[in-house]
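Peer 1: Pasting a structure here, questions to come.
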């Protein structure tokens, strides 16, 4: 049975004042920007800025504090001044859902930006044997309108800031106990082993490469060895194929790459993933072959959702092998996850296995992804912010689809 909690008032660590126009956030600033903000505000002289920025960096990203009063090696007066001028508060957690398989989904509400309104996004944590993966959103809604994707039915509201992207990781660490205890001495070295969040994937709501600069800032902070300290080999950015920014991702961010492929012919991919009309398969494959550092240990992941009688034939499998020839690659076969209103069905399990066998025989790893969190709409392609809350009739329709076996592996 899936569990759902309204924890807005229950979690005092997150029930803090949000950043406002008068109190800009410090989360999401680079070290240089952090030092510049302290000097520009008149809080510290320039000669102390680098040292103070390093102190704050440690408290924010190693210790995970969300209140200046907890920064115990900073004077009380300076802490009070920082609290008056800046914000390090977490956004509001509206709801936390826990699937029967242990998957967690959070609904976060971010305060208005400029003349805008509050926005909501979803983030998913998937625990597995020996690892835990956090699926992070980069936009509120999406512009891509991929025909099989529930998230794509929600229109784009706005890009998320680097602060809002990082906040998803930091709140998840709060909730899962991944930051050190309050009693851990301030100078202690915090072990990297044993963390519940070992990997992050930019596979939530939105197209990350349509928000390149903010995603870049967030991922460089997430991979900073003196802070959140996630290896770039444990960070995967998924794109539907924004070709110019794929080159920039390799050069400027250097994380692992995943491609939402889903079809091996331009005519079909034009329908399933409309961005293909702008960046067709030939251009996409060229960008993949040029991605820096490719090897058998650093492969590109190609995501391929299995749609019954659409893209699941053995001819499609053979063409997939031909298309990827020469690219160190892994192919994730994803059983289609149903959502109310879709016209697609998941391929039969026997068909998926035959497709996987054909790809495996050509020398490519092609694991069949186990659907996770379907009962809380947390599976691949199902995220959609509760600002467009599902009607009860839609939830009942989904349950009926699941019971009838549509989309089940």
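Peer 1: Given 327, 300, which one is closer than 21 Å to residue 203 by Cβ and surrounded by fewer than 18 Cβ atoms within 10 Å (Cβ to Cβ)?
Peer 2: 327
Peer 1: Only residues that are closer than 20 Å to residue 247 by Cα and at pLDDT 95 or above: list them for the range 182-206, please.
Peer 2: 201, 202
Peer 1: Right, something else. Inspect all residues belonging to the range 80-93 and state whether any of them is more than 21 Å from residue 167 (Cβ to Cβ), surrounded by 14 or more Cβ atoms within 10 Å (Cβ to Cβ) and in the same structural domain as residue 168 (by TED's automatic domain parsing).
Peer 2: Taking every residue of the range 80-93 in turn, none turns out to be more than 21 Å from residue 167 (Cβ to Cβ), surrounded by 14 or more Cβ atoms within 10 Å (Cβ to Cβ) and in the same structural domain as residue 168 (by TED's automatic domain parsing).
Peer 1: Would you check if residue 98 is buried (at least 18 other Cβ atoms within 10 Å of the Cβ), more than 22 Å from residue 216 (Cα to Cα) and modelled with pLDDT under 95?
Peer 2: Spelling it out, residue 98 is indeed buried (at least 18 other Cβ atoms within 10 Å of the Cβ), more than 22 Å from residue 216 (Cα to Cα) and modelled with pLDDT under 95.
Peer 1: Next question. Of the numbered conditions (1) assigned to a helix (DSSP H, G or I); (2) more than 26 Å from residue 206 (Cα to Cα), residue 363 fails exactly one; give the number of that condition.
Peer 2: (1)
Peer 1: Which one is surrounded by the fewest Cβ atoms within 10 Å (Cβ to Cβ), of the residues in the range 247-271 that are touching a strand residue (DSSP E or B) at 6+ places or on another chain (Cβ under 8 Å) and more than 18 Å from residue 204 (Cα to Cα)?
Peer 2: Checking each candidate, the answer is 250.
Peer 1: Further, regarding this structure: Scan the range 230-249 for residues that are assigned to a loop (DSSP other than H, G, I, E, B), at negative phi and in contact (Cβ under 8 Å) with a residue 24 or more places away in the chain and jot them down.
Peer 2: If the condition is that a residue be assigned to a loop (DSSP other than H, G, I, E, B), at negative phi and in contact (Cβ under 8 Å) with a residue 24 or more places away in the chain, then 230, 240, 242 are the ones that fit.
Peer 1: Take residue 102 and decide whether it is within 29 Å of the chain's Cα centre (by Cα) and within 23 Å of residue 235 (Cα to Cα).
Peer 2: yes
Peer 1: Something else: Run residue 66 past the list (1) part of a loop (DSSP other than H, G, I, E, B); (2) buried (at least 19 other Cβ atoms within 10 Å of the Cβ); (3) touching a strand residue (DSSP E or B) at 6+ places or on another chain (Cβ under 7 Å) and report the number of the one that doesn't hold.
Peer 2: Unmet condition: (3).
Peer 1: Scan the range 126-156 for residues that are crowded, with 22+ Cβ neighbours inside 10 Å and either outside the structural domain of residue 344 (by TED's automatic domain parsing) or over 26 Å from residue 269 (Cβ atoms) (or both) and report the count.
Peer 2: Residues meeting the conditions: 2.
Peer 1: Then there's this: Applying the selection to the range 153-166, what residues are out of contact with any strand residue (DSSP E or B) (no Cβ under 7 Å at 6 or more places or on another chain) and modelled with pLDDT of 90 or more?
Peer 2: 161, 162, 165, 166
Peer 1: Condition first: assigned to a strand (DSSP E or B), within 14 Å of the chain's Cα centre (by Cα) and in the same structural domain as residue 292 (by TED's automatic domain parsing). Can you find one or more residues in the range 209-229 that meet it?
Peer 2: Among the residues of the range 209-229, not one is assigned to a strand (DSSP E or B), within 14 Å of the chain's Cα centre (by Cα) and in the same structural domain as residue 292 (by TED's automatic domain parsing), which makes the answer no.
Peer 1: Would you point out the residue of the range 330-343, among those that are more than 21 Å from the chain's Cα centre (by Cα) and either in contact (Cβ under 8 Å) with a residue 40 or more places away in the chain or crowded, with 23+ Cβ neighbours inside 10 Å (or both), that is nearest to residue 357 (Cα to Cα)?
Peer 2: Here the residue is 342.
Peer 1: Also, quick follow-up: Evaluate the range 372-380: report whether one residue or more is assigned to a loop (DSSP other than H, G, I, E, B) and at pLDDT 95 or above.
Peer 2: No, the range 372-380 contains no residue that is assigned to a loop (DSSP other than H, G, I, E, B) and at pLDDT 95 or above.
The values are calculated or read from the model by the stated rules, or taken from the named source; none is laboratory data. These figures come from a predicted structure and were not determined experimentally. Every residue, glycine among them, receives a Cβ derived from its backbone with ideal geometry; neighbour counts consider all protein chains shown.
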